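What follows is one structure encoded as structure tokens, with my remarks underneath.
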Amino acid sequence: MHFLGEAEMTTAAHQLFDADIEEQGYVMNLTTLWAHGPGLKTSLFDVIGMANAAAGLTQRQRGVLISALASTMGDSYCSLAWGTRLANAADPDTAAHVLRAEDALLAPEDRILADWARRVTDDPGSTSEADVEALRQAGFDDQQIFAMTVYVALRIAFSTVNDALGAQPDGAYRSKAPEPVLAAVAYGRPIAP
């Protein structure tokens with residue numbers, strides 16, 4: 001379900017697998033990929049967690065940010081995973097709108113967050129003071145904006161590794177993801193059998 005062979009099953013790799021089984025009920029395809037560097041995944045997610053805590057992001061806000069950046073990148077795996085989480089935190093239609101970049105149909109704060117994530121993903125050198133001011137007007141202070149941007153950048157890095165090494169979305173998303181999310185993700189790698 002990715003381009004690399006089977007990883008050596010170290011204690012750290014087993015811990016990643018065990019965590020998936022506890023949280024998901026199965027071992028995710030991306031976990032079999034990251035088993036090649038379990039310490040790297042753990043360290044990356046420690047920093048992602050620090051950025052999330054500093055930004056004070058809710059589950060819905062994280063869902064908007066990651067769904068927007070993943071769809072901008074054409075990353076079907078994170079789009080399905082986080083589109084499903086956003087559907088649970090908000091509703092399936094909101095998730096589908098974010099994944100399709102139908103921002104006019106989003107609540108104002110969701111629109112601002114999705115726009116920021118897309119700008120940071122697509123062309124970070126084109127952001128402006130006005131974009132940052134929109135985040136301030138949505139209630140985020142400068143420390144939160146900095147942390148949120150670090151969060152988005154680190155999630156882009158995670159998606160980049162998964163995409164570059166061929167991680168396919170888990171077959172479980174066929175039944176786990178709501179229909180509007182499945183329909184919106186018409187890009188990237190196909191769902192694994």
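Of the residues that sit in the stretch 1-34 and are among the aliphatic types (A, V, I, L, M) and touching an Asp or Glu at 6+ places or on another chain (Cβ under 6 Å), which one is most open to solvent (accessible area, probe 1.4 Å)?
Going through the qualifying residues, I end up with Val27.
With the requirement that a residue be among the acidic types (Asp, Glu) and under 17 Å from Gly166 (Cα atoms), what does the stretch 4-38 give you?
Matches in the stretch 4-38: Glu6 only.
Scan the stretch 78-120 residue by residue and report those that are open to solvent by less than 20 Å² (accessible area, probe 1.4 Å), in contact with a Gly (Cβ under 7 Å, 6 or more places away or on another chain) and of a type outside the set (Gly, Ala, Ser).
Trp82, Leu86, Leu99
So which residues in the stretch 90-125 are under 16 Å from Arg60 (Cβ atoms) and outside any helix (DSSP H, G or I), if there are any at all?
Ala90, Asp91, Leu106, Ala107, listed by residue number.
Restricting the search to the stretch 35-68, which residues are within 15 Å of Ala157 (Cα to Cα), among the charged types (D, E, K, R) and buried (at least 19 other Cβ atoms within 10 Å of the Cβ)?
Result: Lys41, single match.
Could you pull out every one of the helices (runs of 4 or more DSSP H) wholly within the stretch 126-190 that has 1 or more residues that are over 20 Å from Ala87 (Cβ atoms), of a type in the set (Asp, Glu) and open to solvent by 30 Å² or more (accessible area, probe 1.4 Å)?
The helices (runs of 4 or more DSSP H) meeting that bar are 129-137, 142-164.
Does Met73 count as open to solvent by 20 Å² or more (accessible area, probe 1.4 Å), under 29 Å from Ala7 (Cα atoms) and over 11 Å from the mean Cα position of the chain (by Cα)?
No, not satisfied.
The values are calculated or read from the model by the stated rules, or taken from the named source; none is laboratory data. Everything quoted here is computed from the prediction, not taken from an experiment. We place every Cβ from the backbone using ideal geometry, glycine too, and count neighbours over all the protein chains shown. Please note that ligands, DNA and RNA were not included when accessible areas were found on the heavy atoms of the full protein model with its side chains. Shrake-Rupley method; radii C 1.70, N 1.55, O 1.52, S 1.80 Å.
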